[in-house]
1. On the Cα set of region 83-146, report Rg and Dmax in Å, please.
2. Quick one: which of 96-107, 120-131 comes out on top by average Cβ neighbours within 10 Å, and what's the full order, highest first?
3. Fully extended, how many nm does the chain gain between ALA64 and GLU93 (0.36 nm per residue separation, minus their Cα-Cα distance)?
4. First measure r as the distance between the Cβ atoms of ASP74 and LYS49, then evaluate 1/(1 + (r/R0)^6) with R0 = 22 Å and state the FRET efficiency to the nearest 0.05.
Amino acid sequence: MKKVVVASVTALSLFMLASCGGGGSKEAPASTENTTAAAAPADGEAIYKRTCIACHQPNGMGIANTFPPLAKSDFIADREKTIGQVIKGKTGELVVNGAKYNNTMPPQPLNDAEIAAVLTYVYSNFGNSGAPVTVDEVKAVRAKNP
């Protein structure tokens with residue numbers, strides 16, 4: 001009986017690990033495109049919900065005095081700076097819509113297609129109106145800031 005229980009628990013654990021992605025990230029390293037991303041365009045909204053929502057909130061308004069808004073944000077007008085911040089992260093003070101924020105945004109472990117998709121989502125939502133971000137733009141910023 002003990003062997004059956006151990007075997008069942010082991011099988012269930014393996015099944016759960018497989019169905020949840022093994023507990024680790026399956027994303028490609030930030031500097032390369034993976035074939036899955038090339039085959040199916042990244043979903044910017046899904047990436048936002050997975051990566052950005054905790055700090056910038058579902059409505060893009062951020063958290064006052066802690067995390068800046070992406071909604072109607074004057075900061076994102078500088079596309080190169082915005083892309084660079086997603087790639088490299090940022091520590092220290094920045095001003096968004098006239099308000100000061102002094103916190104840390106870690107570099108995001110996203111590939112170029114994912115960064116393009118999530119920023120395109122941000123630029124087309126939350127009261128923003130910006131052109132889509134291309135993978136080539138992200139690659140160019142990444143090349144300037146290795």
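Throughout, read-outs are computed from the coordinates displayed, never taken from laboratory work. All of these numbers come straight from a predicted model, not from anything done at the bench. Every residue, glycine among them, receives a Cβ derived from its backbone with ideal geometry; neighbour counts consider all protein chains shown.
1. Spelled out, the Cα radius of gyration and Dmax of region 83-146 are 12.5, 32 Å.
2. Highest to lowest by the protection proxy: 120-131, 96-107.
3. 9.0 nm
4. Step by step, r from the Cβ atoms, then E = 0.35.
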